[in-house]
Amino acid sequence: MTTTRGVHPSEDHAPELDAGATASAGPPENSPAGAEEGPTSLRRYRPEDKRVSVMMLSGILALGLGIAVGTVPVPYVVESPGPTFNTIGQAQNGPVISVTGHETYPAAGNLDLTTVYVDGGPNGPVSILGAFTGWLDGSKSVYPEELIYPTGTTKEQAEEQSSVAMASSQENAVASALKELDIPFGQQLQAAGLSEGSPSEGKIENGDIFESINGRPVTSLAVIQEELAAGKGAPATVAVRRAGESVTQEINPTDNGSGRYILGVMLKYLFTFPFDVKMSLDKVGGPSAGLMFSLGIIDIVTPGDLTGGKHVAGTGTITPDGTVGPIGGIQQKMHGARAGGATLFLAPAANCDDVVGHVPDGLQVVKVENLDQARHAVELSGSGQDTSALPVCTSN
């Protein structure tokens with residue numbers, strides 16, 4: 001049998017050979033028994049050849065299907081450890097904290113704020129594969145998207161909210177640091193909006209400055225909360241300054257559903273500080289750096305080294321009165337802190353349920369409720385004293 005060029009494309013045919021070449025099913029005539037086939041010979045068709053081809057095709061299809069399924073987006077958010085930043089150190093464009101108008105002192109060691117990378121939601125979709133690997137990684141956490149971001153939140157909205165929260169946390173950090181150091185400063189509460197169905201509707205306006213409640217000067221949010229709690233739902237007499245004039249209103253507080261009485265007013269602090277404090281960090285947002293900013297300010301404006309050269313990290317929101325509040329991503333922040341070299345970590349007491357069982361090796365985690373406790377823990381560690389008696393998170 002010979003093959004020639006120009007076979008009709010619809011016909012089954014053997015691979016094209018040089019004109020005049022011979023193809024046979026066995027050794028060519030006059031060839032010694034067992035001689036190898038020449039390079040131009042054709043093998044006899046065997047059924048197993050078709051099975052191998054089908055198996056290869058099936059494998060390729062399965063692989064392609066697996067890759068396609070793995071890239072399908074799912075409504076989950078994956079949190080992973082982010083970088084740390086030393087609040088008493090340098091950032092890209094200078095010191096993280098800079099103070100003007102007050103004497104400053106060099107600070108050694110680290111007071112690291114910790115961060116979390118967030119994938120998913122308005123930051124872009126998470127794939128099935130991304131979510132699955134997140135579940136398997138002990139340093140990551142996977143949550144349904146709606147638990148982290150309200151439905152419909154855009155990337156621009158998320159970034160704006162994060163930026164506003166960071167700015168507020170920085171102001172609160174300065175206030176709490178000055179209060180801890182007994183440095184006087186001005187503080188007022190301003191109305192920034194009303195909740196839906198607010199009992200203050202028509203009585204309190206945006207921009208009103210709270211002066212007193214039931215005759216007691218409003219120096220902090222705690223004053224308002226204490227008066228409302230003591231009144232147990234009784235009408236409260238509220239005086240505000242509006243357009244330079246004092247306006248007095250009687251407001252009937254409502255129960256928020258958990259036994260706490262509220263005026264239904266969103267408030268923000270207005271501060272007047274005796275010197276300027278600036279915090280510079282690019283592409284970092286949210287309120288959770290408040291505690292570490294406060295400690296950084298204290299270290300910079302007081303003589304000596306708060307840390308004693310040690311490597312401390314932590315997280316937590318801060319209020320002007322120094323209360324440390326809970327944050328998200330505590331597990332990722334502990335892993336990030338340890339990876340950055342920290343040996344002592346300050347965690348909000350309200351986050352203890354998420355701390356227990358997730359502490360990385362080599363990291364001592366101290367629970368704190370306020371700035372004074374956090375400062376004490378850092379000073380104790382920095383002075384080389386035993387820190388084993390400091391409060392820790394325990395399971396119930």
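The values are calculated or read from the model by the stated rules, or taken from the named source; none is laboratory data. Values in this document were obtained by computation on a predicted structure and should not be read as measured data. Heads up, the Cβs are rebuilt from the backbone with ideal geometry, glycines too, and the neighbour counts pull from every protein chain shown. Please note that ligands, DNA and RNA were not included when accessible areas were found on the heavy atoms of the full protein model with its side chains. Shrake-Rupley method; radii C 1.70, N 1.55, O 1.52, S 1.80 Å.
Suppose the chain between ASP353 and LYS155 were pulled fully straight at 0.36 nm per residue; how much longer would it get relative to their current alpha carbon spacing?
Roughly 68.3 nm would be gained on extension.
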Inset, instruction - Assign one of three labels to the range 281-396, namely rounded, prolate or oblate, based on the Cα gyration tensor with a ≥ b ≥ c the square roots of its eigenvalues; rounded applies when a/c is under 1.5, prolate when it is not and a/b is larger than b/c, and oblate otherwise. - result: rounded
Inset, instruction - Would you mind counting up the charge near GLU379? Only other residues with Cβ under 15 Å from its Cβ, with Lys and Arg at +1 and Asp and Glu at -1. - result: -3
Inset, instruction - Check the straight Cα-Cα distances from LYS232 and name the lysines below 23 Å, setting aside those fewer than 8 residues away within the same chain. - result: LYS203
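Charges only on Cβ, +1 for Lys and Arg, -1 for Asp and Glu: so what's the dipole of the range 320-383 about the Cα centre, in debye to the nearest 20?
Here the size comes out at about 200 debye.
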Legend entry - Flagged links, alpha-carbon separation over 21 Å, of LYS333/LYS367; LYS155/LYS278; LYS278/LYS333: LYS155/LYS278; LYS278/LYS333
Inset, instruction - Write down the Kirkwood hydrodynamic radius of the range 166-239, to one decimal in angstroms, obtained as one divided by the mean of 1/r over all alpha carbon pairs. - result: 14.1 Å
Inset, instruction - Mind grabbing the accessible area of THR151 for me, 1.4 Å probe, Å², rounded to tens? - result: 140 Å²
